1. Separation between the K111 and S157 pseudo-spin-labels, each 7 Å from Cα along Cα→Cβ, expressed in nm?
2. Output ³J(HN,Hα) for region 12-18: one whole-Hz value per residue in order, computed from phi by the Karplus curve 6.51 cos²θ - 1.76 cosθ + 1.60 with θ = phi - 60°, and x for Gly and Pro.
3. State the extension gain, in nm to one decimal, for the chain segment bounded by A50 and H34, taking 0.36 nm per residue of separation less the distance between their alpha-carbons.
4. Write down the Å³ per residue value for the convex hull defined by the alpha carbon atoms of region 2-174.
5. Among M154, M11, M116, whose mean-square fluctuation peaks in a Gaussian network model of the chain (Cα, cutoff 10 Å)?
6. Report the paramagnetic label zone for L132: residues of region 2-34 whose backbone N is under 15 Å from a point 7 Å from Cα along the Cα-to-Cβ axis.
7. Going down the list K42/K97; K8/K85; K8/K111; K42/K111, which pairs span over 23 Å between their C-alpha atoms?
8. I'd like the antiparallel share, as a percent to the nearest 5, of DSSP beta bridges with both residues in the chain.
Amino acid sequence: MNYHNITKDDMLNGDGLRVVLWVAGCSHACPGCHNPETWDPKSGIEFDEAAKQELFCELEKDYISGITFSGGDPLYCGNRECVTKLAKEIKEKYPTKTIWLYSGYVYDQVKDLEIMNYIDVFVDGEFVQALLDPQLRWKGSSNQKVIDMNKTRMVGSIVLYVDNNYEKLEDCQTQSCSCGF
């Protein structure tokens, strides 16, 4: 597996302060994608032991909430085995850290993959430029879903992820209330 970057202290690709692994390889080729340079699975650099140790060094920090896999597509056929192995190792070594994964595949296409057992939040679906909405949190277009995988596994059907603090602020902004926001 190749990757393009490891972003440290990221606040845009999941809840909390995160480390992000941007993998190479994507077959979706969504028009308007903000990372088309990551589509070629041979682009970037090889993910090796040094890159893994760089991720783990970041995950050791108590203020880092977890890791986000993005790209490219972490579930691109050439990435699945490596990303699954890495996610499993992270979940075992850092059980309190959350794992987010962005993919152009929808939940029903990948729900039975082993990696889904290690993911806390799954952002699914191809980016659709006509459905672009900059106001959306943690996704680019309205067709995408931000799925709480822990609750989804518990109930057996898709449960969307909710950030209670964000939702309360949103409620205040869209309703007449006297909470001071």
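1. So the two model labels end up 1.0 nm from each other.
2. Working through the residues one at a time gives 9, 10, x, 6, x, 8, 10 Hz.
3. Taking 0.36 nm per residue and subtracting the Cα distance, the gain is 3.1 nm.
4. Looking at region 2-174, the number lands at 117 Å³ per residue.
5. Highest fluctuation of the listed residues: M154.
6. Zone members listed by number: 30-34.
7. Check vs 23 Å cut-off fails for K42/K97; K8/K111; K42/K111.
8. Antiparallel bridges make up about 50 percent of those DSSP assigns within the chain.
Values in this text are rule-based calculations from the coordinates and carry no lab data. Worth saying up front: this structure is predicted, and the values here are computed from it rather than measured. Cβ coordinates were reconstructed from backbone atoms using ideal geometry, including for glycine residues, and neighbour counts include every protein chain displayed.
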